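See below for the structure under consideration.
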Amino acid sequence: MSAGTISENVVRERIADVLMMLASITSGSTSDRLPAELPEDDPFAALYAGINEVVDTLISGQERLETYKGELEAKLDLIERQRSAIRELSTPVIEVWANVLCLPVVGVMDTARSAEMTEALLRAVTEKKARYAIIDVTGIEVMDTRTADHFLRMAKAVRLLGAECVVAGISPSIAQTIVHMGVDLSGVITYRTMREAMEAHAKAGSFSKHEALANGADTQNGERDRESRRQENGG
Amino acid sequence: MSKGVSIREKLDVFHARQHVRGLAGQLGFGHIAREELAIVASELATNILKYAGVGELEFRTVEDPVRGAGIVIEARDAGPGIENFSFAVRDGYGGSGPLDPAKLLTRGGIGAGLGAVVRMTDALEYEYEAGNKCVRATRYVRPERRDVT
C-alpha cells in the first residue's frame with residue numbers, strides 16, 4: 001500500500017484513533033498508546049510513533065515532577081522544623097536551678113528580638129514559678145537606647161510577677177547607652193558576670209547545692225525549707 | 001559596588017546582618033559601628049517581613065565629598081506605604097499614630113525599630129512611588145560632630 005492509495009475512510013479512522021488516545025491521556029490515563037503495528041510505508045506510521053514518543057516524554061516528566069514535589073515537601077517540612085528550632089534558640093530560658101532562671105543573650109539584639117525575649121521570660125517566670133531570673137547579656141555588645149530601656153522594663157515586669165530579676169555581663173558600650181538614657185537605675189541589680197549573679201544568689205541563702213540535692217525533684221518541700229530558713233536567719 | 005539580599009523569611013534577616021557586617025568591615029567601620037549597622041539591617045529587614053512579606057535589602061558604598069566613605073542600606077518592597085513617616089520613626093508610634101502600649105508586644109516588637117535606625121545612622125530617607133516602597137539609611141565611617149544637640 002503506497003501513500004497515494006490510502007482511502008479516505010482509513011484516514012478518518014486513524015485521525016479518530018489519534019483524537020481518542022489524546023483525549024484519554026488528557027483525562028489522566030498513562031498507559032494508552034497508538035498502535036505501532038502499521039506497515040512501514042504507511043504515512044501514519046511515523047506520525048503515530050512521534051505522538052507516542054511525545055506522550056511517553058510527557059508522562060515520564062510528570063512522574064519526575066511528582067517525585068520532586070514529594071522531595072520538596074519533605075524539605076520544606078525540615079526547614080519549618082529548623083526554623084522553629086532557631087526561634088527557640090534565639091530566646092532560650094534555662095532553669096539552671098529550682099526556681100532560678102537564666103536568660104543568656106547572644107548575637108544581635110534588635111527590637112523584635114527584645115519583644116520575643118520579654119514574652120519568653122515572663123511566661124517562663126510564671127510557668128516555672130521562678131524566684132530569681134538572671135539576664136546574661138555578655139554576648140551582646142551593642143543595644144539601641146530604646147531596646148536597653150525595654151530591657152530594664154522587662155526586669156521590672158519580672159518583679160511584678162513576684163521574682164527577682166538581675167542583669168549580668170553589661171558591656172561598656174551598653175553601660176554608656178543606659179547612662180545616656182537618664183533612667184532611674186536604682187531598682188536594677190547588676191553583676192559583672194553570670195557567675196557573680198549566681199554566687200550572690202547562693203550567698204543570700206535562697207538556695208544551696210546540698211539542700212537542692214537533698215530535696216531532689218521535690219521542689220515544693222525545698223521551697224518551704226528555704227522559706228523557713230530565711231526566716232530563722234532573719235532575712 | 002552594591003549587592004542585594006532578598007528578604008523572604010526570618011533567616012534572611014540573619015544573612016542581611018552577616019552581609020552588612022562584612023561590608024562595614026571592609027570600609028573600615030569600627031567594631032561597635034559594625035554591630036550597630038547589623039541592628040539597622042535587622043530592623044529594616046524585619047519591617048519588610050512584617051509589613052510587606054517579601055522585599056530586598058541592598059547594600060551600597062558611597063563617597064561623600066564632605067563626610068567621606070559610608071554605607072547605604074536600602075530596603076525595598078512592594079508593601080503598603082507608610083502613612084506618615086515622621087510618625088513611624090518615633091518610638092512608640094506606628095505609621096498612623098501612637099501605638100497602644102498594651103498591644104505593643106502582640107505586634108511582635110516594641111514600636112521602636114525605625115527609631116533605632118534613626119539613632120544608629122546619619123541619614124534616613126523614605127520614598128514611595130507607584131507601589132514601590134524604599135527606606136534608605138546612610139551611615140558614614142567618620143562620626144558626625146554632634147556638638148550641638
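The values are calculated or read from the model by the stated rules, or taken from the named source; none is laboratory data. Predicted, not measured: the structure shown is a model, and the values here were computed from it. Here the Cβ positions follow ideal geometry from the backbone for every residue, glycine too, while neighbour counts run over all protein chains shown.
Laid out as a table, the results:
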quantity: Within the range A:94-129, considering residues that are free of Cβ contacts under 8 Å to residues at least 24 places away in the same chain and more than 14 Å from every other protein chain (Cβ to nearest Cβ), the one nearest to A:R146 (Cα to Cα); calculated: A:I94
quantity: Residue count for the range B:1-41, restricted to those that are of a type outside the set (F, W, Y) and without any contact (Cβ under 8 Å) to a residue 24 or more places away in the chain; calculated: 13
quantity: Among (1) in the same structural domain as A:I15 (by TED's automatic domain parsing); (2) at pLDDT below 90 - the single one A:E71 does not satisfy; calculated: (2)
quantity: Residues of the range A:130-154 classified as surrounded by fewer than 22 Cβ atoms within 10 Å (Cβ to Cβ), away from chain B (no Cβ under 13 Å) and without any contact (Cβ under 8 Å) to a residue 60 or more places away in the chain, total; calculated: 1
quantity: Near pairs, Cβ below 6 angstrom, 6+ apart or cross-chain, from the range A:2-16 (surrounded by 12 or more Cβ atoms within 10 Å (Cβ to Cβ)) to any residue that is modelled with pLDDT under 90; calculated: A:R14/A:F44
quantity: Residue list for the range A:177-189, filter: surrounded by 12 or more Cβ atoms within 10 Å (Cβ to Cβ) and over 14 Å from A:Y132 (Cβ atoms); calculated: A:T177, A:I178, A:M181, A:V183, A:L185, A:V188
quantity: Set A:I25, A:I15: member being touching a helix residue (DSSP H, G or I) at 6+ places or on another chain (Cβ under 7 Å) and β-branched (V, I, T); calculated: A:I25
quantity: Any helices (runs of 4 or more DSSP H) falling wholly within the range B:1-114 and containing at least 1 residues that are away from chain A (no Cβ under 12 Å) and aromatic (F, W, Y); calculated: B:85-88
